[in-house]
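Taken together, the values in this text are just the output of simple stated rules run on the coordinates, not laboratory data. The structure presented is a predicted model; accordingly, all values stated were derived computationally and were not measured. As a convention, Cβ positions derive from the backbone with ideal geometry for all residues, glycine included, and neighbour counts pool all protein chains shown.
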Amino acid sequence: MRRIYNRVERIAGNVISVRAQNVSYRELAQVASGRGVSLTQVIRLQGDMVSLQVFEGARGIATNAEVRFLGHPMRTAFSSALLGRVFTGSGAPRDRGPVLDENLTDIGGPSVNPAKRIIPRRMIRTGIPMIDVFNTLVESQKLPVFSVAGEPYNPLLARIAMQAEVDIIILGGMGLKHDDYLYFRDTLEENGALSRSILFIHTAADPTVECLMVPDISLAVAERFALQGKRVLVLLTDMTNFADALKEIAITMEQIPSNRGYPGDLYSQLAARYEKAVDFDGAGSITTLAATTMPGDDVTHPVPDNTGYITEGQFYLRNGRIEPFGSLSRLKQLVNGKTRADHRTIMNSMIQLYASYRESLEKMSMGFRMSDWDRKLIKYGERFEKEMMDLNVNIPLEKALDLGWIIMADCFEPAETGIPTRMIEQFWPKK
Amino acid sequence: MTASHGKIAGINGNMLTVEFDGPVIQNEVAYPVLNDLRLKAEVIRIRGAQADLQVFEDTTGLRVGGPVEFTGELLSVELGPGLLGQVFDGLQNPLPELAEKCGFFLQRGTYLEALPRGRKWEFKPAAGQGAAVRAGDVLGSVAEGMFTHQIMVPFNLPGRYTVREIAAPGSYTVEQPVATLDDGASRAQVTMLQRWPVKLPITRYAERLRPTEQLVTKIRILDSFFPVTRGGTYCIPGPFGAGKTVLQQLTSRHADVDVVIVAACGERAGEVVETIREFPKLKDPRTGLSLMERTIIVCNTSSMPVAAREASVYTAVTLAEYYRQMGLNVLLLADSTSRWAQALREMSGRLEEIPGDEAFPAYLESVIASFYERAGIVRLNDGRLGSVTIGGTVSPAGGNFEEPVTQATLKVVGAFHGLSRERSDARRYPAIHPLDSWSKYPSLIPEDQLMLARRMLRDGNDVNQMMKVVGEEGTAIEDFIVYLKSEYIDAVYLQQDAYDEVDGATPADRQKHMFERLYSVLMARMHFKDKAGARKFFQALTQATKDWNRIPMDSDEFKAAERRITQMLAEVTPNA
Ligand SMILES: Nc1ncnc2c1ncn2[C@@H]1O[C@H](COP(=O)(O)OP(=O)(O)O)[C@@H](O)[C@H]1O
Ligand SMILES: [Mg+2]
């Protein structure tokens, strides 16, 4: 069967078209260009016309370039030899280690049967009160960090990864700044975690569409480890770059955009990746944390918006702090009923009071007279921000709960907090 | 009918263009064949000798020239005893059985029968030999859990029939004949299993009635302020994280209906898992049996094939209509209808149809309308009533209700439960907006009491807005009290702690009782020295009332807590 062709009919954006027979949908092909050999994938078949997206970008491809069909979709090697290694988005070594091609497994495989999932039940402790107390992270959760560019989202991801008790860490970098890549690698190394980590790195210097495969390859490897009973943490940064690569391909293919140029299937595309987070019935788990930068700090931008509808909450990073409003862990109630009896009370009451504090702050900025109540709230809010919200605070959950009672007791009478009497009797600090 | 054959001419995502010979029916099922896999697909457009198919599976590996087998049959579901308690995918494949067969992952091209074939049911005949019957009439029944599951004349039999043979009482599988019918020209054998095409409504009833009987959900803000009726429709739009799914989950537990059908459409698998794993352990207070025994889950979550997402809501509503035909009250909860609309949009884009707003197809509105039209309370041929109520969530892009799916839905539903980001940020759950939401159905609270509460909420909001301009010092104490009263209604009645066993579910009689107490607070003419005193009083009253909300109703403690509230009130209303 002929698998090599020498005539490219069309080159537009990062998509090329060739006439070819017997090509399967989503099959890979290699195309030779002045820069070497690039990987491409079939994205449309129309009669004998085959459209291929070129992961390394179509720049430099000639009309007589050689296109060689490989007869299989995208795959990755899988073995424990992956640990401690760094690869590109297509699975080629980025470090000086050998090429790995044993035990090949398809990437972007089918979804888990919901009947084989279990209800997540293990809290992941981070030492960050804004997470542990208010938006508890749970094993197998999928959770993005929403932030504007420039916020310390990568250090936050790294900190959680170092604190979490997981077996394997997989980092998928998309459009990652080279410095950030080195930061991750060094942090893993310093903490002795590199030998249980795998890095799939696409940097800002690489062609945009090449990042398209990073989530799939990272998650396919994670899935295999999880099936062996491992608890895997996947860090994806930055998913907005992934979405932008999708957009670029969609526009080239002349798809009708649905919202700000993004394709109508953005939701499904993101969901296919995020839904890989799982707690298997009878095997391990995958927890996914993903940085999602918000263009213009706009949470209604299609990328954060679609993400928020898919993920199990989000951490909203702003001014170097995790915002109580907008941040959410949808799985928190699965674990916070079993931590300590006052956990939910502290979680709800402190946030409601903080919301009132914000209102008083607004009044103050308008120059209105402050009532006694306003003054109490201001005192409370300032302490809350300094002692709970600040990301430098690193205390265990129980200490944070105790601190919550102390702050409230310093600022309010019990009845002013709206806390049920029976909790007050049990927990309110005696003066 | 001999089915046609075809060949793949083009592949674009999950859409195939197929060249065919012989007749092809719009919406018929066809199978592109890949080695030994047959992938289910549906014909969605025909142009000349080419048909466009949406494939309900991943299309990786298909090739141009590959064979396609048409079936001549519309996409259908199986109806019969054994549906309750099951968990299906959008095409009615039972997921636990699939897991047994295929393991952790869903394997494309594997389809299983929806109804267990080996299981035997105790059949009790009802129609006698010689009886005149037509589609939907009862021939006999079996016990399915707590229900009498009626075995009916298949809905697709046209005209009138005479019962020639009816099976003796005894146990039968769903495929064994239980009756033979005769219409003079031919004979038809009837089993307990029948099939029905999902995109057509089942209408074997005498007439549709106006929905008037309230469907109690035990969620106070719904039942009292924005009620739902049996046979009615409602929608829950809201930005992500505002509480749509939690609201649906609460309703699926507490709603006063016979059967609940949960259509998890294009959202998180984890949320379905909670239902699958929890319901078998939870007791239905009405029957004492597990909640699962009154529930069917149709689940096509976000990473499952997109085309099957569209099918899933039709599968769900067809199952709902089937149980309605037995005279039962059925509630269908669809989460989220936007995902289904997006599936339509994806397909419309691949068909290169002329797009409407936000690239949704121009026919979006009529598709949504005809879906909700399948709800209704009906009088069956034998006079009994049955109902299908539909509640759908909507997930508007950017949380903005001015978008095509929300707008199209608002046009056709009877109640609107709009969730607000502001309220969910402030942890005021359920975050239904008390001023923007509406319902066209009657409430269990007397009209005059309700009017006062609504007015107080509106006025309180106005005062609050005004205070943002003129400050607390520029507000009269009377107005300030109105504001505090509105906050009180919000805190003790509209908000409800879903995770508290007692507060989480308020039955109708307790709601009426609570509302009386609330009403007396709202009516009271209170006197305070100053605003600080007023605020302090309301803080204490709120806490006392919230404590009251957490006490079971038939206890002495409940009465004591209520007396405390009355006393507190008396202290600030000297003239009363
Ligand atoms: N009625 C409620 N009571 C308490 N918490 C709630 C309630 N509704 C929502 N929440 C909180 O908000 C989170 C998101 O709710 P969810 O229903 O999943 O939102 P949506 O479906 O609108 O995206 C939940 O996980 C829970 O933490
Ligand atoms: Mg939801």
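Computed quantities for the displayed model
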{"read-out": "Degrees separating the helix B:244-254 axis from the principal Cα axis of chain B, which is the longest one", "value": "90"}
{"read-out": "Peptide B:92-105 - average C-beta neighbours from other chains (10 Å radius)", "value": "4"}
{"read-out": "Highest-first arrangement of A:25-34, B:204-213, A:354-363, where packing means the average Cβ count within 10 Å", "value": "A:25-34, A:354-363, B:204-213"}
{"read-out": "Amide H within-cut-off set for B:Ala131, under 5 Å, with H built and near neighbours excluded", "value": "B:Val163"}
{"read-out": "Value at 222 nm in deg cm²/dmol, rounded to 500, when DSSP H runs of n ≥ 4 in chain A each add -39,500 (n - 2.57)", "value": "-9500 deg cm²/dmol"}
{"read-out": "Footprinting exposure proxy for B:Ile261, B:Ile445, A:Ile407 (fewest neighbouring C-beta atoms within 10 Å first)", "value": "A:Ile407, B:Ile445, B:Ile261"}
{"read-out": "In degrees, nearest ten, helix B:556-572 long axis to first principal axis of chain B (Cα)", "value": "50"}
{"read-out": "Sequence ranges A:368-378, B:167-177, ranked by mean other-Cβ count within 10 angstrom, highest first", "value": "A:368-378, B:167-177"}
{"read-out": "Magnitude of the charge dipole, the range B:121-192, Cβ model with Lys/Arg +1 and Asp/Glu -1, debye to 20", "value": "180"}
{"read-out": "Pairwise centroid distance, computed over Cα atoms, of the range A:342-377 with the range A:175-190, Å", "value": "40"}
{"read-out": "Euclidean distance of C-alpha centroids, the range A:10-72 and the range B:416-471, integer Å", "value": "58"}
{"read-out": "Residues A:Glu102, B:Glu100, sorted so that the one with the fewest Cβ neighbours within 10 Å comes first", "value": "A:Glu102, B:Glu100"}
{"read-out": "Cα gyration tensor shape for the protein assembly as shown, rounded if a/c is under 1.5, else prolate or oblate", "value": "oblate"}
{"read-out": "Table column - 3J(HN,Hα) (Hz), the range B:148-155, Karplus curve with 6.51, -1.76, 1.60, x for Gly and Pro", "value": "8, 8, 7, 9, 10, 4, x, 5"}
{"read-out": "Inter-chain Cβ neighbour average for residues B:269-281, partner chain, 10 Å", "value": "5"}
{"read-out": "Relative packing of B:195-201, B:299-305, B:384-390, which averages over residues the other C-beta atoms within 10 Å, highest first", "value": "B:299-305, B:384-390, B:195-201"}
{"read-out": "Residue order, fewest to most beta carbons within 10 Å, for B:Lys120, A:Lys338", "value": "A:Lys338, B:Lys120"}
{"read-out": "Chain B: angle of helix B:508-523 to the longest principal axis, Cα-based, in degrees nearest 10", "value": "30"}
{"read-out": "Hz values of 3J(HN,Hα) by residue in the range B:171-186 - Karplus curve (6.51, -1.76, 1.60), Gly and Pro given as x", "value": "9, 9, 8, 5, 9, 7, x, 10, 7, 10, 10, 9, 10, x, 9, 8"}
{"read-out": "Note, ³J(HN,Hα) from phi for the range B:431-443, Karplus 6.51, -1.76, 1.60, rounded to Hz, x at Gly and Pro", "value": "7, 5, 6, x, 9, 7, 6, 8, 8, 8, 9, x, 9"}
{"read-out": "Per-residue mean of C-beta atoms belonging to partner chains within 10 Å, peptide A:278-285", "value": "2"}
{"read-out": "For A:Arg321, distant residues with modelled amide H under 5 Å away", "value": "none"}
{"read-out": "Residues whose placed amide H lies under 5 Å from that of A:Val37, excluding near-sequence neighbours", "value": "none"}
{"read-out": "For chain B, average projected area of the Cα convex hull in nm²", "value": "29.9"}
{"read-out": "D (Stokes-Einstein, µm²/s), Kirkwood Cα radius, chain A, 1.002 mPa s at 20 °C", "value": "91"}
